[in-house]
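See below for the structure under consideration.
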Amino acid sequence: MKITLLKLLKGGIALNLILLGSPGAGKGTIASMLKRDYGLVHISTGDMLREAVSKGTELGKRAKEYMDNGLLVPDGLIIEMIREKLLEIKNDGFILDGFPRTIPQAEALDALLEEMGKNLTAVVLLKVSKETVLERLTNRRVCSNCGSLYHLKHSPPKVNNVCDFCGGSLYQRDDDKEETILRRIAVYEEQTAPLIEYYKNKGLLVEINAEPHLEQVYAELKRCLGLGN
Ligand code: AP5
(Lines give C-alpha, C1' and ligand atoms only; values in the text may rest on other atoms or scores of the structure.)
Protein backbone atom coordinates (compact mmCIF):
# COMPACT_ATOMS: atom_id res chain seq x y z
CA MET A 1 0.00 0.00 0.00
CA LYS A 2 1.48 3.36 -1.01
CA ILE A 3 -0.40 6.53 -0.32
CA THR A 4 0.60 10.16 -0.60
CA LEU A 5 -0.61 11.32 2.77
CA LEU A 6 1.33 14.55 2.75
CA LYS A 7 -1.07 15.82 0.11
CA LEU A 8 -4.02 14.76 2.25
CA LEU A 9 -2.56 16.49 5.31
CA LYS A 10 -1.87 19.68 3.37
CA GLY A 11 -5.45 19.54 2.09
CA GLY A 12 -6.65 19.50 5.71
CA ILE A 13 -7.72 15.85 5.70
CA ALA A 14 -6.99 14.11 9.00
CA LEU A 15 -4.52 11.24 9.24
CA ASN A 16 -6.15 8.46 11.27
CA LEU A 17 -3.79 5.57 12.04
CA ILE A 18 -3.76 2.33 13.99
CA LEU A 19 -0.39 1.06 15.21
CA LEU A 20 -0.50 -2.73 15.39
CA GLY A 21 2.26 -4.98 16.70
CA SER A 22 3.32 -7.24 19.53
CA PRO A 23 4.27 -5.93 22.99
CA GLY A 24 7.54 -4.03 22.65
CA ALA A 25 7.26 -3.57 18.89
CA GLY A 26 7.67 0.19 19.40
CA LYS A 27 4.05 1.36 19.09
CA GLY A 28 4.24 3.88 21.94
CA THR A 29 7.62 5.24 20.82
CA ILE A 30 6.58 5.69 17.17
CA ALA A 31 3.23 7.20 18.23
CA SER A 32 5.08 9.86 20.26
CA MET A 33 7.21 10.75 17.22
CA LEU A 34 4.14 11.02 14.97
CA LYS A 35 2.41 13.17 17.58
CA ARG A 36 5.47 15.45 17.81
CA ASP A 37 5.88 15.82 14.03
CA TYR A 38 2.28 15.84 12.79
CA GLY A 39 0.25 17.00 15.80
CA LEU A 40 -1.86 13.84 15.90
CA VAL A 41 -3.84 12.88 19.00
CA HIS A 42 -2.17 9.84 20.60
CA ILE A 43 -4.62 7.40 22.17
CA SER A 44 -2.99 4.52 24.06
CA THR A 45 -5.40 2.14 25.77
CA GLY A 46 -2.49 0.81 27.87
CA ASP A 47 -1.71 4.35 29.17
CA MET A 48 -5.40 5.02 29.83
CA LEU A 49 -5.70 1.79 31.80
CA ARG A 50 -2.51 2.44 33.80
CA GLU A 51 -3.85 5.90 34.69
CA ALA A 52 -7.15 4.34 35.83
CA VAL A 53 -5.21 1.84 37.97
CA SER A 54 -3.06 4.53 39.57
CA LYS A 55 -6.13 6.68 40.33
CA GLY A 56 -7.95 3.66 41.78
CA THR A 57 -11.07 4.17 39.64
CA GLU A 58 -13.69 1.42 39.24
CA LEU A 59 -12.29 0.64 35.76
CA GLY A 60 -8.74 0.54 37.17
CA LYS A 61 -9.74 -1.89 39.92
CA ARG A 62 -11.37 -4.23 37.40
CA ALA A 63 -8.49 -3.98 34.88
CA LYS A 64 -5.51 -4.41 37.23
CA GLU A 65 -5.56 -8.16 37.65
CA TYR A 66 -5.77 -8.79 33.90
CA MET A 67 -2.90 -6.37 33.24
CA ASP A 68 -0.63 -7.75 35.95
CA ASN A 69 -1.13 -11.23 34.50
CA GLY A 70 -0.45 -10.14 30.91
CA LEU A 71 -4.04 -10.85 29.85
CA LEU A 72 -6.40 -8.65 27.86
CA VAL A 73 -8.94 -6.55 29.73
CA PRO A 74 -12.48 -7.62 28.65
CA ASP A 75 -13.72 -6.08 25.38
CA GLY A 76 -16.79 -4.44 26.94
CA LEU A 77 -14.69 -2.31 29.33
CA ILE A 78 -12.23 -1.30 26.61
CA ILE A 79 -14.90 -0.38 24.05
CA GLU A 80 -16.73 1.82 26.54
CA MET A 81 -13.47 3.55 27.52
CA ILE A 82 -12.30 4.18 23.94
CA ARG A 83 -15.72 5.35 22.80
CA GLU A 84 -15.64 8.29 25.23
CA LYS A 85 -12.10 9.20 24.19
CA LEU A 86 -12.76 9.05 20.43
CA LEU A 87 -15.92 11.11 20.71
CA GLU A 88 -13.80 13.92 22.27
CA ILE A 89 -11.79 14.27 19.04
CA LYS A 90 -13.02 16.99 16.71
CA ASN A 91 -11.11 17.46 13.45
CA ASP A 92 -7.63 16.32 14.50
CA GLY A 93 -6.05 13.16 13.16
CA PHE A 94 -5.38 10.37 15.64
CA ILE A 95 -3.14 7.40 16.34
CA LEU A 96 -4.60 4.37 18.08
CA ASP A 97 -1.84 2.57 20.01
CA GLY A 98 -2.81 -0.81 21.50
CA PHE A 99 -6.39 -0.72 20.24
CA PRO A 100 -8.06 -2.65 18.71
CA ARG A 101 -6.63 -5.91 20.04
CA THR A 102 -9.41 -8.38 19.20
CA ILE A 103 -11.82 -8.84 16.29
CA PRO A 104 -14.82 -7.67 18.40
CA GLN A 105 -12.86 -4.49 19.28
CA ALA A 106 -12.08 -3.90 15.58
CA GLU A 107 -15.75 -4.35 14.66
CA ALA A 108 -16.79 -1.95 17.42
CA LEU A 109 -14.25 0.58 16.11
CA ASP A 110 -15.67 0.26 12.57
CA ALA A 111 -19.16 1.03 13.89
CA LEU A 112 -17.93 3.95 16.01
CA LEU A 113 -15.99 5.52 13.15
CA GLU A 114 -19.00 5.22 10.90
CA GLU A 115 -21.12 6.95 13.55
CA MET A 116 -18.49 9.73 13.73
CA GLY A 117 -18.19 10.04 9.95
CA LYS A 118 -14.45 9.24 10.06
CA ASN A 119 -12.25 6.76 8.18
CA LEU A 120 -9.01 4.97 8.92
CA THR A 121 -6.13 6.08 6.70
CA ALA A 122 -3.87 3.08 7.37
CA VAL A 123 -3.07 0.31 9.84
CA VAL A 124 0.68 0.11 10.42
CA LEU A 125 2.01 -3.29 11.48
CA LEU A 126 5.37 -3.05 13.31
CA LYS A 127 7.09 -6.43 12.92
CA VAL A 128 9.68 -7.68 15.46
CA SER A 129 10.99 -11.04 16.66
CA LYS A 130 10.30 -12.53 20.10
CA GLU A 131 14.00 -12.12 21.03
CA THR A 132 13.87 -8.40 20.24
CA VAL A 133 10.69 -7.98 22.29
CA LEU A 134 12.28 -9.60 25.33
CA GLU A 135 15.42 -7.48 25.02
CA ARG A 136 13.42 -4.26 24.60
CA LEU A 137 10.91 -4.79 27.37
CA THR A 138 13.30 -5.99 30.07
CA ASN A 139 15.36 -2.82 29.39
CA ARG A 140 12.43 -0.41 29.11
CA ARG A 141 12.03 2.38 31.66
CA VAL A 142 9.16 4.89 31.75
CA CYS A 143 8.99 8.39 33.25
CA SER A 144 6.57 8.38 36.19
CA ASN A 145 5.68 12.02 35.46
CA CYS A 146 5.42 12.58 31.67
CA GLY A 147 5.43 8.97 30.36
CA SER A 148 8.56 9.39 28.15
CA LEU A 149 10.05 6.05 27.13
CA TYR A 150 13.68 4.98 27.54
CA HIS A 151 15.72 1.89 26.75
CA LEU A 152 18.67 1.35 29.08
CA LYS A 153 21.01 0.51 26.17
CA HIS A 154 19.56 2.10 23.00
CA SER A 155 18.08 5.33 24.36
CA PRO A 156 19.18 5.79 28.00
CA PRO A 157 18.44 8.94 30.00
CA LYS A 158 21.36 11.40 30.32
CA VAL A 159 21.27 11.04 34.11
CA ASN A 160 20.62 7.62 35.63
CA ASN A 161 16.89 7.14 36.46
CA VAL A 162 15.98 10.77 35.70
CA CYS A 163 13.79 11.85 32.77
CA ASP A 164 15.61 14.12 30.26
CA PHE A 165 12.45 16.13 29.58
CA CYS A 166 10.84 16.79 32.97
CA GLY A 167 13.24 15.49 35.66
CA GLY A 168 10.70 12.84 36.77
CA SER A 169 11.93 9.52 38.13
CA LEU A 170 11.94 6.43 35.89
CA TYR A 171 10.29 3.13 36.75
CA GLN A 172 9.92 -0.37 35.31
CA ARG A 173 6.37 -1.46 34.43
CA ASP A 174 4.91 -4.29 36.55
CA ASP A 175 4.14 -6.32 33.42
CA ASP A 176 7.72 -6.05 32.07
CA LYS A 177 8.89 -9.18 33.94
CA GLU A 178 10.10 -11.96 31.65
CA GLU A 179 7.32 -14.42 32.59
CA THR A 180 4.59 -11.81 32.00
CA ILE A 181 6.20 -10.62 28.75
CA LEU A 182 6.08 -14.21 27.40
CA ARG A 183 2.38 -14.46 28.31
CA ARG A 184 1.67 -11.10 26.62
CA ILE A 185 3.39 -12.34 23.45
CA ALA A 186 1.27 -15.54 23.47
CA VAL A 187 -1.91 -13.48 24.01
CA TYR A 188 -0.91 -11.21 21.10
CA GLU A 189 -0.40 -14.19 18.79
CA GLU A 190 -3.70 -15.78 19.73
CA GLN A 191 -6.06 -12.80 20.06
CA THR A 192 -4.50 -9.82 18.25
CA ALA A 193 -2.60 -11.29 15.28
CA PRO A 194 -5.92 -12.20 13.50
CA LEU A 195 -6.34 -8.44 12.99
CA ILE A 196 -3.52 -8.53 10.44
CA GLU A 197 -5.72 -10.49 8.04
CA TYR A 198 -8.76 -8.38 9.00
CA TYR A 199 -7.06 -5.13 7.93
CA LYS A 200 -5.25 -6.71 4.97
CA ASN A 201 -8.67 -7.66 3.60
CA LYS A 202 -9.77 -4.04 3.96
CA GLY A 203 -6.69 -2.88 1.99
CA LEU A 204 -5.42 -0.81 4.94
CA LEU A 205 -2.36 -2.75 6.10
CA VAL A 206 1.16 -1.25 5.85
CA GLU A 207 3.89 -3.63 7.06
CA ILE A 208 7.12 -2.21 8.53
CA ASN A 209 10.24 -4.04 9.70
CA ALA A 210 10.59 -2.62 13.23
CA GLU A 211 13.89 -4.40 14.05
CA PRO A 212 16.37 -1.68 12.98
CA HIS A 213 17.38 1.45 14.85
CA LEU A 214 14.43 3.65 15.80
CA GLU A 215 15.24 6.50 13.38
CA GLN A 216 15.46 3.97 10.54
CA VAL A 217 12.09 2.43 11.45
CA TYR A 218 10.50 5.88 11.61
CA ALA A 219 12.00 6.92 8.25
CA GLU A 220 10.67 3.72 6.64
CA LEU A 221 7.22 4.31 8.11
CA LYS A 222 7.14 7.86 6.75
CA ARG A 223 8.34 6.63 3.36
CA CYS A 224 5.62 3.95 3.19
CA LEU A 225 2.93 6.44 4.19
CA GLY A 226 4.18 9.08 1.76
CA LEU A 227 4.87 11.53 4.60
CA GLY A 228 7.59 14.07 3.83
CA ASN A 229 10.13 15.45 6.29
P1 AP5 B 1 0.06 -1.72 26.43
O2 AP5 B 1 0.58 -0.65 27.30
O3 AP5 B 1 -0.64 -1.35 25.17
O4 AP5 B 1 1.26 -2.70 26.16
P5 AP5 B 1 1.72 -3.53 24.86
O6 AP5 B 1 0.81 -3.59 23.70
O7 AP5 B 1 2.11 -4.84 25.43
O8 AP5 B 1 2.83 -2.70 24.26
P9 AP5 B 1 4.02 -2.07 24.99
O10 AP5 B 1 3.61 -0.75 25.59
O11 AP5 B 1 4.65 -3.06 25.94
O12 AP5 B 1 5.06 -1.89 23.81
P13 AP5 B 1 5.15 -0.85 22.61
O14 AP5 B 1 4.89 -1.56 21.33
O15 AP5 B 1 4.36 0.39 22.90
O16 AP5 B 1 6.71 -0.55 22.68
P17 AP5 B 1 7.49 0.76 23.19
O18 AP5 B 1 7.34 1.86 22.21
O19 AP5 B 1 7.18 1.04 24.63
O20 AP5 B 1 -0.95 -2.66 27.25
C21 AP5 B 1 -0.65 -3.11 28.55
C22 AP5 B 1 -1.78 -4.00 29.05
O23 AP5 B 1 -3.01 -3.24 29.10
C24 AP5 B 1 -2.12 -5.21 28.17
O25 AP5 B 1 -1.29 -6.33 28.48
C26 AP5 B 1 -3.60 -5.47 28.55
O27 AP5 B 1 -3.70 -6.08 29.80
C28 AP5 B 1 -4.13 -4.04 28.70
N29 AP5 B 1 -4.68 -3.50 27.43
C30 AP5 B 1 -4.20 -2.41 26.73
N31 AP5 B 1 -4.94 -2.20 25.64
C32 AP5 B 1 -5.91 -3.16 25.64
C33 AP5 B 1 -6.96 -3.48 24.73
N34 AP5 B 1 -7.17 -2.75 23.59
N35 AP5 B 1 -7.74 -4.55 25.01
C36 AP5 B 1 -7.55 -5.29 26.15
N37 AP5 B 1 -6.56 -5.04 27.03
C38 AP5 B 1 -5.75 -3.99 26.78
O39 AP5 B 1 9.01 0.22 23.09
C40 AP5 B 1 9.50 -0.76 23.97
C41 AP5 B 1 10.96 -0.46 24.34
O42 AP5 B 1 11.78 -0.61 23.19
C43 AP5 B 1 11.19 0.99 24.84
O44 AP5 B 1 12.18 0.93 25.83
C45 AP5 B 1 11.72 1.73 23.60
O46 AP5 B 1 12.62 2.78 23.96
C47 AP5 B 1 12.46 0.61 22.86
N48 AP5 B 1 12.41 0.70 21.40
C49 AP5 B 1 11.31 0.96 20.63
N50 AP5 B 1 11.64 0.91 19.32
C51 AP5 B 1 12.97 0.60 19.28
C52 AP5 B 1 13.89 0.39 18.21
N53 AP5 B 1 13.53 0.47 16.91
N54 AP5 B 1 15.16 0.07 18.52
C55 AP5 B 1 15.56 -0.04 19.82
N56 AP5 B 1 14.73 0.15 20.88
C57 AP5 B 1 13.45 0.46 20.61
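For segment 94-160, what number results from the quotient of the Cα radius of gyration and 2.2 N^0.38 Å?
Relative to the 2.2 N^0.38 Å estimate, segment 94-160 comes out at 1.54.
Explain nothing, just the number: dipole magnitude of segment 98-173 about its Cα centre with +1 on each Lys and Arg Cβ and -1 on each Asp and Glu Cβ, in debye rounded to the nearest 20.
Dipole magnitude for segment 98-173 comes out near 520 debye.
Mind ordering 17-25, 185-193 by average Cβ neighbours within 10 Å, highest first? Spell out each step's value before the answer.
On the way: 17-25: 25.4, 185-193: 16.2.
The peptides rank, most packed first, as 17-25, 185-193.
Assuming 0.36 nm per residue, please report the length gained on full extension of the stretch K90 to V159 beyond their Cα-Cα distance.
20.9 nm
Read phi for every residue in segment 207-213 and hand back ³J(HN,Hα) as whole Hz from Karplus 6.51 cos²θ - 1.76 cosθ + 1.60, θ = phi - 60°, with x for Gly and Pro.
For segment 207-213, the Karplus-derived couplings read 9, 10, 6, 9, 6, x, 3 Hz, x marking Gly and Pro.
Nearest 5 percent is fine: what portion of the DSSP beta bridges confined to segment 74-210 is antiparallel?
60 percent
Identify which of L120, L77, L86 has the largest mean-square fluctuation in a Gaussian network model of the chain, with springs joining Cα atoms closer than 10 Å.
L77
Lysines near K118 by alpha-carbon distance under 17 Å, same-chain residues fewer than 8 away left out - which ones?
K85, K90, K202
State the extension gain, in nm to one decimal, for the chain segment bounded by T132 and R83, taking 0.36 nm per residue of separation less the distance between their alpha-carbons.
Length difference between fully extended and current span is 14.4 nm.
Label points 7 Å out from Cα along the Cβ direction at I196 and Q216: separation in nm?
Roughly 2.1 nm, to one decimal.
Hey, any idea what the orientation-averaged projected area of the convex hull of segment 86-206's Cα atoms comes to, in nm²?
In nm², the orientation-averaged hull projection of segment 86-206 is 9.2.
Quote the accessible area belonging to Y38 in square angstrom, nearest 10, computed with a 1.4 Å probe and with ligands, DNA and RNA left uncounted.
50 Å²
Can you work out the FRET efficiency for the pair R36 and D174, with r the C-beta to C-beta distance and R0 = 22 Å, to the nearest 0.05?
Efficiency computed from Cβ-Cβ geometry: 0.20.
Once phi is turned into θ = phi - 60°, what whole-Hz ³J(HN,Hα) does the Karplus curve with 6.51, -1.76 and 1.60 give for every residue of segment 17-33, x standing for Gly and Pro?
Per-residue couplings from phi come out as 10, 10, 9, 10, x, 5, x, x, 5, x, 4, x, 5, 5, 4, 5, 5 Hz.
Can you run phi through the Karplus equation (6.51, -1.76, 1.60; θ = phi - 60°) for segment 201-206 and list ³J(HN,Hα) in whole Hz, with x for Gly and Pro?
5, 8, x, 10, 7, 10
How are the Cα pair distances of the chain distributed, in percent, across 10 Å bins from 0?
Histogram of Cα-Cα distances, whole percents per bin: 7, 32, 39, 19, 2.
Could you list which residues have their amide H under 5 Å from that of L125, counting only those 5 or more apart in sequence or on another chain, with H placed in the peptide plane?
It is L20, V206, E207, I208, by chain and number.
The values are calculated or read from the model by the stated rules, or taken from the named source; none is laboratory data. The structure displayed is predicted, hence computed values, not measured ones. So basically every Cβ, Gly included, is an ideal-geometry build from the backbone, and we count neighbours across all protein chains shown. The protein model used for the area step is the full one, side chains on, heavy atoms only, and it has no ligands, DNA or RNA in it. Shrake-Rupley method; radii C 1.70, N 1.55, O 1.52, S 1.80 Å.
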